[in-house]
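Below: the structure, in structure tokens.
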Ligand code: SF4
Ligand code: SF4
């Protein structure tokens, strides 16, 4: 932090953990107030984190340093809360998981109140369970900036954000304010008490109170008229501080943050995802913060398939089973956009995770090659030739489709099939010199590749894979 303030000469924000509130207080809120009885904190996580006295010492030291350099030091509340992993969602080998959302909102607001009592002058940035319904109250607490994350992982994603501003605007209109500072002063009914603290002149205070009680609040206008616009920031800050216990109490008592209102485990229906077909709820598309999952269409197919085996100098088909894709509507994943946050798995009613089980398309051949332990596809189009690389259950395949000749050349590097692509029918089979006796090439891999790639490269519906060819 010292380096950032002195060498880089920038403003500094330090993000702090909710453990700073102390385990007893956190557990009291979690269990006694909010009812999340199943959530367990661990003493060692509180012991090893930054302690309260240390946080205040750092605050004082860095605030002073920042002041001396004409820079700002502020704190951000808060990180997620580390708790015991008690759910089957994560592997049992993971000792902890991280709590966010509604319970973290209340815990973090209580931490803000504690911190503001100790260091009221330090600016605060806030991020903990912020959503459209509480954004206006967060604004009334004078937090700058306010950030949100968990809410964006819910259906609608970034499309949820306009509602934040709309709700704030509605609150401001209802209070008769047009400026954010005026809103902070009026939002929780603490404005007159704040003015008592900041404005010594009774006449000026009376004018301000008159404006505050009106339906067209203009505190800055009153102060400017009196030549004291310099007092405006102080009134707003005092109001934000005065609002704190009021709004923290309001959130702590609000049933919407309690366990019974939020204990809705993701509904799983007991079926498992694979490359094709699912219940097609499409939830995995809007809940991805990176837009990595997308819909494409393929053709339905039901047929017997073979493996092609090299024996005694010839490649012959051997019946292997039934291949079936029942639906046109399919889901795929664009690997280069996916950071494996797992959110689509949380919302998917089926098991396995869309980002794991659905066809994963890499954005370049280099990216596909760079992940040899990961199944996936890379597809490229040049003139009438589509070239597709695939890794399926660890085996690598290549398929080249000449759309003009309707010819597919499918190989694992040793055995090769020439296919009438539109009919999914093998025309000829061959082996490279030196092929091992008994080597097999799975025609189901061709069918997987053909269906996925024909669908994904179909430019009638745009997606991240076919975008370069639109
Ligand atoms: S992969 Fe899961 S979330 Fe996505 S459409 Fe299929 S069932 Fe729904
Ligand atoms: S795991 Fe990947 S695809 Fe799924 S929501 Fe996260 S980023 Fe999106």
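Relative to the current alpha-carbon distance between residue 271 and residue 405, full extension at 0.36 nm per residue lengthens the span by 44.2 nm. Of interest is the spacing of the C-alpha centroids, which for region 297-359 and region 67-136 amounts to 41 Å.
Beta bridges per DSSP, both residues in the chain: antiparallel share near 80 percent. Largest first, the three principal axis extents of the alpha carbons in the chain are 104, 49, 48 Å in whole numbers. Where in region 169-203 is the amide nitrogen less than 13 Å from a point lying 7 Å along the Cα-to-Cβ axis of residue 228? Within reach of a label on residue 228: 195-203.
Fewest-first ordering of 186, 283 by other beta carbons within 10 Å of each residue's beta carbon gives 283, 186. The radius of gyration of the Cα set in region 1-74, together with its Dmax, comes out at 16.4, 48 angstrom.
Quotient of the Cα radius of gyration of region 152-264 and 2.2 N^0.38 Å, N being its number of residues: 1.30.
Shape index of region 2-262: Rg/Rh, with Rg the Cα radius of gyration and Rh the Kirkwood radius from the inverse mean 1/r over Cα pairs, equals 1.00. At a Förster radius of 56 Å, what calculated FRET efficiency corresponds to the Cβ-Cβ distance of residue 369 and residue 86, to the nearest 0.05? E between residue 369 and residue 86, to the nearest 0.05, is 0.90. Between the alpha-carbon centres of region 445-470 and region 1-45 there is a gap of 46 Å. Taking other Cβ atoms within 10 Å as a rough exposure proxy, 393, 23, 117 sort from fewest to most as 393, 117, 23.
Convex hull volume of the Cα atoms of region 248-314, normalised per residue: 222 Å³.
Computed from the coordinates by the stated procedures, all read-outs in this text should not be read as laboratory data. Computed from a prediction, not measured in an experiment: that's the story for all the values here. Glycine gets a Cβ as well: all are built from the backbone with ideal geometry, and neighbour counts include every protein chain shown.
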